[in-house]
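Enquirer: Structure in structure tokens, see below.
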Amino acid sequence: MDYTFFWYLGHASTFISLIPLVLFLFIFRRLIPTQRRLTTLIVLVFVTEITANVMWLQQLNNNPVYHIYAVLEFYMILRIFKLELNNLLSNKIFNLLIITFFGFAIANAIWVQDVFSFNSNVTTASSLIIIVLVFIYFSSLLQKESLQPLHIVPMFWIGAGMTLYYTTNLALFFITSYELFVFENRHTIWSIHAIVNIILFCFYTYALWIQPKTE
């Protein structure tokens, strides 16, 4: 793979979160709660990417950053679903998910994958739970008697982007279990992840930009 393309793709994936953040500065007054919680998630992603890249440039192990990020990301995503699924899932279920996931992440960091290793177990668990929550959300749309046009429903676009991103992540995690294949195709695998990340933030940006009808 051409190194120039790889360089541009990497930087695009790192700084793509700036686009919705700049958009937020102009439209924050009209955002609904789901969009505001999405914005906090995007801020977390941006800060994490900058911190991890600075550490990488200084030749420091940045895996501890991703251990912290995985937990905070999961918490912020659950806050979004908590708003959208409050009629289907109780607060007790969301609280149980958060507490269980936090405990799993801590146990994984202590006994299985320490903070200086890539926390694939936690990331895989998070991806699976998020995919299930998206499926529940999409199923709930089918059960509604009246429905807004989907092109102006922020959560629809958030869910669509998450479906693409986290299912791709799971596929890539499965592929990376084959070390020889990873070594020979590492640039391709990373490029797929970067492209899907860019697409995810295009969905996030659109989800912020649209103005849903309020009752």
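The values are calculated or read from the model by the stated rules, or taken from the named source; none is laboratory data. As the structure is a prediction and not an experimental result, all values here were calculated from the model. Note that we place each Cβ from the backbone using ideal geometry, even for glycine, and neighbour counts take in every protein chain shown.
Enquirer: Six or more apart or on different chains, Cβ atoms under 8 Å: show the pairs whose first residue is in segment 188-205 and of a type in the set (Lys, Arg) and whose second is surrounded by 15 or more Cβ atoms within 10 Å (Cβ to Cβ) and in a helix (DSSP H, G or I).
Expert: Going by the 8 Å Cβ cut-off, there are no qualifying pairs.
Enquirer: Among the residues of segment 94-125, what is the count of those that are in contact (Cβ under 8 Å) with a residue 24 or more places away in the chain, part of a loop (DSSP other than H, G, I, E, B) and of a type outside the set (Ser, Thr, Tyr)? Step through it out loud before you land on a result.
Expert: Quick first cut of segment 94-125, residues in contact (Cβ under 8 Å) with a residue 24 or more places away in the chain only: 97-98, 101-102, 105, 109, 115-120, 122-125.
Keeping just the survivors that are part of a loop (DSSP other than H, G, I, E, B) gives 115-119.
Subsequent filtering for residues that are of a type outside the set (Ser, Thr, Tyr) retains 115-116, 118-119.
Number of matching residues: 4.
Enquirer: Right, Val134: modelled with pLDDT under 95 and in a helix (DSSP H, G or I) or not? I'd like the intermediate steps shown before the answer.
Expert: Values: modelled with pLDDT under 95: no; in a helix (DSSP H, G or I): yes.
No; evaluated as a whole, the condition is false for this residue.
Enquirer: Right, another one. May I ask you to list the residues in segment 142-159 that are outside any loop (DSSP other than H, G, I, E, B), surrounded by fewer than 18 Cβ atoms within 10 Å (Cβ to Cβ) and among the aliphatic types (A, V, I, L, M)?
Expert: Correct list: Leu142, Leu150, Ile152.
Enquirer: List the number of the failed condition for Ile80; all other conditions in (1) on the phi > 0 side of the Ramachandran plot; (2) at pLDDT 95 or above hold.
Expert: So Ile80 meets the others, but not (1).
Enquirer: Among the residues of segment 80-93, write down those that are in a helix (DSSP H, G or I) and surrounded by 18 or more Cβ atoms within 10 Å (Cβ to Cβ).
Expert: Result: Ile80, Phe81, Lys82, Glu84.
Enquirer: Looking at Thr39, is it among the polar types (S, T, N, Q), buried (at least 16 other Cβ atoms within 10 Å of the Cβ) and in contact (Cβ under 8 Å) with a residue 40 or more places away in the chain?
Expert: Spelling it out, Thr39 is indeed among the polar types (S, T, N, Q), buried (at least 16 other Cβ atoms within 10 Å of the Cβ) and in contact (Cβ under 8 Å) with a residue 40 or more places away in the chain.
Enquirer: Here's something else I'd like to know. Looking at Phe181, is it loosely packed, with under 11 Cβ neighbours inside 10 Å, in a helix (DSSP H, G or I) and either on the phi > 0 side of the Ramachandran plot or modelled with pLDDT under 90 (or both)?
Expert: So Phe181 does not fit the description; no.
Enquirer: If only one of Thr39, Thr34, Thr14 is modelled with pLDDT of 95 or more, in a helix (DSSP H, G or I), closer than 28 Å to Pro64 by Cβ and of a type outside the set (A, V, I, L, M, F, W, C), which one is it?
Expert: On the way: Thr34 fails: closer than 28 Å to Pro64 by Cβ; Thr14 fails: modelled with pLDDT of 95 or more.
Every option except Thr39 fails the conditions.
Enquirer: Which ones in segment 52-77 are in contact (Cβ under 8 Å) with a residue 40 or more places away in the chain and either under 18 Å from Asn121 (Cα atoms) or surrounded by 17 or more Cβ atoms within 10 Å (Cβ to Cβ) (or both)?
Expert: Asn63, Pro64, Tyr66, His67, Ala70, Val71, Glu73, Phe74, Ile77 - these are the residues of segment 52-77 that are in contact (Cβ under 8 Å) with a residue 40 or more places away in the chain and either under 18 Å from Asn121 (Cα atoms) or surrounded by 17 or more Cβ atoms within 10 Å (Cβ to Cβ) (or both).
Enquirer: Whether any residue in segment 46-59 is under 28 Å from Ser140 (Cβ atoms), part of a helix (DSSP H, G or I), within 17 Å of the chain's Cα centre (by Cα) and among the small types (Gly, Ala, Ser) is what I want to check.
Expert: There is no residue in segment 46-59 that is under 28 Å from Ser140 (Cβ atoms), part of a helix (DSSP H, G or I), within 17 Å of the chain's Cα centre (by Cα) and among the small types (Gly, Ala, Ser).
Enquirer: With (1) free of Cβ contacts under 8 Å to residues at least 12 places away in the same chain; (2) touching a helix residue (DSSP H, G or I) at 6+ places or on another chain (Cβ under 9 Å); (3) not basic (Lys, Arg) as the list, and Val132 as the residue in question, which single condition is left unmet?
Expert: (2)
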